[in-house]
1. How high is the relative contact order of the stretch 54-157? Use alpha-carbon pairs under 8 Å, at least six apart in sequence, and give a whole percent.
2. Heavy atoms only, probe 1.4 angstrom, no DNA, RNA or ligands counted: give me HIS13, HIS132 ranked by accessible area, highest first.
3. Highest first, please rank the peptides 39-49, 98-108 by the mean number of other Cβ atoms sitting within 10 Å of their residues.
4. Average projected area of the Cα convex hull of the stretch 28-76, in nm²?
5. In terms of Cα to Cα distance under 30 Å, which lysines are near enough to LYS130, apart from those fewer than 8 places away along the same chain?
6. Give me the orientation-averaged projected area of the Cα convex hull of the stretch 20-157, in nm², one decimal.
7. What net charge do the residues around ARG6 carry, taking every other residue with its C-beta under 13 Å from that of ARG6, with Lys and Arg at +1 and Asp and Glu at -1?
8. Taking a spot 7 Å from the Cα of LYS130 along the direction of its beta carbon, which residues of the stretch 1-41 have an amide N less than 12 Å from it?
Amino acid sequence: SYDKRRNRAEADHIARLVADLLKRQQGLSIGVIAFSEAQQDEIEAALNRLASEEDEFRRLLDEEWQREVDGQFVGLLVKNLENIQGDERDIIILSICYGRGPNGKMLMNFGPINKSGGEKRLNVAFSRAKQHMAIVSTIRYSEITNEYNEGANCLRN
């Protein structure tokens with residue numbers, strides 16, 4: 001569930017996705033975008049937890065944190081909506097993060113998405129993917145009801 005601007009279950013799922021992608025060894029670059037800095041931290045913690053449990057993933061992740069092509073860093077990126085601009089990866093995984101809180105209530109607080117220009121931030125996130133975009137969410141689009149907000153409506157759509 002969503003608690004204190006974090007969603008651990010979603011972060012753990014993303015860590016497993018990254019592990020599966022790296023184990024395929026297709027050479028595709030991967031970026032993960034979180035909606036908040038708190039969720040970015042949660043995803044990094046989930047990657048580290050999984051790496052401490054799986055030797056093969058730890059080795060692949062260590063290589064990925066340093067991967068360069070022609071002197072340019074092309075390894076795994078884990079960033080948030082505020083600092084992803086300018087970066088591109090073959091595969092982008094977007095962590096929505098927001099969901100029902102510990103009390104079961106769903107708040108329509110989508111952080112930077114609700115602010116003025118929120119839909120532009122989403123467009124920046126979507127345009128970071130060169131080949132594939134995956135959205136990881138614990139909520140369905142129909143649970144987003146503040147459609148009067150341009151950013152939230154863009155997210156819902």
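The values are calculated or read from the model by the stated rules, or taken from the named source; none is laboratory data. Keep in mind that what you see is a predicted model, and the values were worked out from it rather than measured. For neighbour counting, all protein chains shown are included, and Cβ atoms are generated from backbone atoms with ideal geometry for every residue, glycine included. Just the protein is used for accessible areas: all its heavy atoms, side chains included, with ligands, DNA and RNA removed. Shrake-Rupley method; radii C 1.70, N 1.55, O 1.52, S 1.80 Å.
1. After rounding, I find 29 percent.
2. Values: HIS13 80, HIS132 100 Å².
Sorted by accessible area, descending: HIS132, HIS13.
3. Packing proxy ranking, top to bottom: 39-49, 98-108.
4. On the way: hull surface 15.1 nm².
Here the figure is 3.8 nm², rounded to one decimal.
5. LYS23, LYS79, LYS115, LYS120
6. Numbers: hull surface 36.4 nm².
Over all viewing directions, the stretch 20-157 projects a mean Cα-hull area of 9.1 nm².
7. Around ARG6, the surrounding residues sum to -4.
8. Backbone N within reach: 27-31.
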